[in-house]
Amino acid sequence: MHWDKLKILKIVDGERVSQMDTVIREAEIVMRVDERLYRRFYCLAERIEELALGYLFDEGVALPGDIDVAAEGHNVSVTRKCGAKTHKPAAIDSELRLTYDDVLALVDEMNDNCPMFSSTGGTHVVGIVCGDERFFVEDISRHCAIDKAIGFAVKNGFDLSQCILVTSCRQTVSAMSKAVNAGIPIVVTIAAPTTMAVTEAINYGVTLVGFARGRKFNVYSHPHRIVTGSR
């Protein structure tokens, strides 16, 4: 489990109550590229290989086939193959479509796959869905959660042009650029987007759905991928 039981003081209606609380456990993950320190992540100590694969890919640093990744404990080592190069995002032209009910079902499924949030209130949850295949991951860091989801998809050969990214977190431009670099055509969040994220989605062909809660949601870009009423 990635949490600890801590003794805390709780104040209820002005009264002091001593009790145990469940607190999420943060870890420092060190990534080295070609034996040089590249960066440190502060996240949950799981899915470290997927974290490295997803981060290097969705930040445009390296294509998955151009690197070898080895994870041990809180350390991950990346070796760039000869000829490895960075990659730039391209406009996404995917025929993927979602119905109104599909969007709501994805949010319900995401909300059913966050046991650490239910226990601690301390995580974001991100899912990647490709046809009948799906993967959900929780993390303290929303960026690391997105990296891990994309890394899982890359590792398992998902066709990212047919994938949906569903998240519990705000969509800022830094989060949206990860979907853009990965070539994911639809992003669904229960939270808000920023104007820069919406601009990024418009410019690169991503359908961005926000505030997907209850029986409604907002579509901020490329609404042709969301089907309502009769086809």
Extreme residue, farthest from A62 (Cα to Cα), among residues of segment 87-125 that are β-branched (V, I, T) and surrounded by 15 or more Cβ atoms within 10 Å (Cβ to Cβ): T120
Per-region count, segment 47-81, residues exposed (fewer than 15 other Cβ atoms within 10 Å of the Cβ) and out of contact with any strand residue (DSSP E or B) (no Cβ under 6 Å at 6 or more places or on another chain): 4
Every residue from segment 82-106 that is of a type in the set (S, T, N, Q), in contact (Cβ under 8 Å) with a residue 40 or more places away in the chain and within 21 Å of M176 (Cα to Cα): S94
Which listed residue is among the β-branched types (V, I, T), out of contact with any Lys or Arg (no Cβ under 8 Å at 6 or more places or on another chain) and buried (at least 19 other Cβ atoms within 10 Å of the Cβ), from I146, I128, I140, I150: I140
Residues located in segment 211-231, provided they are open to solvent by less than 60 Å² (accessible area, probe 1.4 Å) and farther than 15 Å from D101 by Cα: S221, H222
Among the residues listed as A153, A201, the single one being within 28 Å of D66 (Cα to Cα) and more than 14 Å from the chain's Cα centre (by Cα): A201
Residue in segment 97-120 that is nearest to the chain's Cα centre (by Cα), counting only those that are of a type in the set (S, T, N, Q) and assigned to a helix (DSSP H, G or I): N111
Residues within segment 153-181 that are within 21 Å of I29 (Cβ to Cβ) and either part of a strand (DSSP E or B) or open to solvent by less than 10 Å² (accessible area, probe 1.4 Å) (or both), tallied: 5
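The values are calculated or read from the model by the stated rules, or taken from the named source; none is laboratory data. Please read these numbers as outputs of a predicted model, since none were measured by experiment. Positions of Cβ are backbone-derived with ideal geometry, glycine not excepted, and every protein chain shown enters the neighbour counts. When the accessible area is computed, the model is the full protein with side chains, heavy atoms only, and any ligands, DNA or RNA have been set aside. Shrake-Rupley method; radii C 1.70, N 1.55, O 1.52, S 1.80 Å.
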